[in-house]
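The values are calculated or read from the model by the stated rules, or taken from the named source; none is laboratory data. Since the model is a prediction, treat every value here as computed from it, not as a measurement. When we count neighbours, we look across all protein chains shown, and the Cβ atoms used for this are built from the backbone with ideal geometry, even at glycine.
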Amino acid sequence: MLWLLEILLFISLLAIAWQDFKSRMISLWLIIVFFLLNSAVFLFQNSLKDYFTNAAFCIAYMLVSYAFIRLYYLLGGRGKEQILDEKVGWGDVVIFLMMGFSLEPVELIFFYTFTFIFSLVLYLLFMSKKRPVPLAAFVSLIYLLKSVAEILFPDYKISNYFF
């Protein structure tokens with residue numbers, strides 16, 4: 001049963017990446033399917049308590065990150081500039097949250113940091129500067145690679161290597 005859920009999860013990640021690359025928008029239905037599959041795979045292997053702990057940390061981390069970004073814009077004299085919808089799409093934010101619910105706190109920090117840096121490098125190397133960054137696409141592909149690595153190497157956890 002777990003294999004079937006993981007395969008469907010991988011298909012949903014590829015569909016998110018394809019849709020974001022193609023149109024810079026993600027279908028709400030696809031986000032819901034991803035959320036349900038990602039949650040099911042996590043809960044199949046972990047407790048509900050772990051899920052809610054991860055969710056609480058992820059939400060807190062995202063709120064603190066948003067506060068720092070907002071502060072940066074305020075101090076830079078661009079306080080009224082719209083961050084969500086203009087700089088970062090709501091689909092990107094929702095995908096980050098959905099992924100974060102299945103990542104342990106240390107893993108979440110390393111995953112997001114690596115993903116943002118890697119996405120920036122990919123964008124600068126391969127994408128047109130006039131088009132928005134397909135952040136959900138890059139994040140989905142990196143999350144897919146991370147998930148496959150965890151299947152191939154069951155003892156793999158990024159927190160094992162740093163703490």
What's the total number of residues in the range 19-44 that are touching a Ser or Thr at 6+ places or on another chain (Cβ under 9 Å), more than 22 Å from Leu103 (Cα to Cα) and either modelled with pLDDT of 90 or more or surrounded by fewer than 17 Cβ atoms within 10 Å (Cβ to Cβ) (or both)? 1
Of the criteria (1) of a type outside the set (Lys, Arg); (2) farther than 17 Å from Glu150 by Cβ; (3) modelled with pLDDT of 90 or more, which one Leu13 fails: (2)
Here is a list of conditions, (1) at pLDDT 85 or above; (2) closer than 21 Å to Ala17 by Cβ, and Leu122 meets all of them except one; can you say which number that is? (1)
Please determine, by comparing only the residues of the range 139-153 that are assigned to a helix (DSSP H, G or I) and free of Cβ contacts under 8 Å to residues at least 40 places away in the same chain, which one is farthest from Met98 (Cα to Cα). Leu152
Which residue pairs have Cβ atoms under 8 Å apart, sit 6 or more places apart or on different chains, and have a first residue in the range 59-74 that is farther than 14 Å from Asp92 by Cα and a second that is among the acidic types (Asp, Glu) and not in a helix (DSSP H, G or I)? Tyr73/Glu81
Among the residues of the range 48-96 satisfying the criterion of being surrounded by 12 or more Cβ atoms within 10 Å (Cβ to Cβ), in a helix (DSSP H, G or I) and among the charged types (D, E, K, R), which is modelled with the highest pLDDT? Asp50
Scanning the range 1-42 residue by residue, those of a type in the set (D, E, K, R), part of a helix (DSSP H, G or I) and over 15 Å from the mean Cα position of the chain (by Cα) turn out to be Glu6, Lys22
